[in-house]
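Below is one structure, written out as C-alpha cells; the observations come after it.
No value in this document is a laboratory result; all are computed from the given coordinates. As the structure is a prediction and not an experimental result, all values here were calculated from the model. For neighbour counting, all protein chains shown are included, and Cβ atoms are generated from backbone atoms with ideal geometry for every residue, glycine included.
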Amino acid sequence: VEFFYAPAEFREALLTRIAHATQRICIIALYLEQDDGGKGILQALYDAKRQRPELDVRVLVDWHRAQRGRIGAAASNTNADWYCRMANENPGVD
C-alpha cells in the first residue's frame, strides 16, 4: 500500500503507472474532471492505448454525476460531454 499526501504527487504516480502499464489499466472514480488534471489523465490513457493496442483499459465513472454541469458552466459542457468528445477525437482507440 502506498500513500500520497499531495494531489500533485498522486497525479504524477498515476501518470507514471499509466505510461508503464503492460497488460491492463483499471480506474474507478466518481468522475474525471474536465480540468488540467483530468485532461492529463484521460490523454495519458488514450496515448497508452494507442502505443499498446493490446492494453486492456477500463475507466468506470458515475455517468449520472458526470452529466451534471458545474455551477456557472454551460449545461452542454459537462464531463460526460467531454468524455464523448474525447472518444470522437480518438477514433479507433477503444
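Worth a mention:
- Restricting attention to region 28-57, the residues being closer than 20 Å to THR78 by Cα and either among the aliphatic types (A, V, I, L, M) or out of contact with any helix residue (DSSP H, G or I) (no Cβ under 6 Å at 6 or more places or on another chain) (or both) number 15.
- Inter-residue pairs, beta-carbon under 9 Å, first in contact (Cβ under 8 Å) with a residue 12 or more places away in the chain and within 18 Å of ASP36 (Cβ to Cβ) and in region 1-12, second surrounded by 10 or more Cβ atoms within 10 Å (Cβ to Cβ) and of a type in the set (A, V, I, L, M), 6+ apart: ARG11/ILE41
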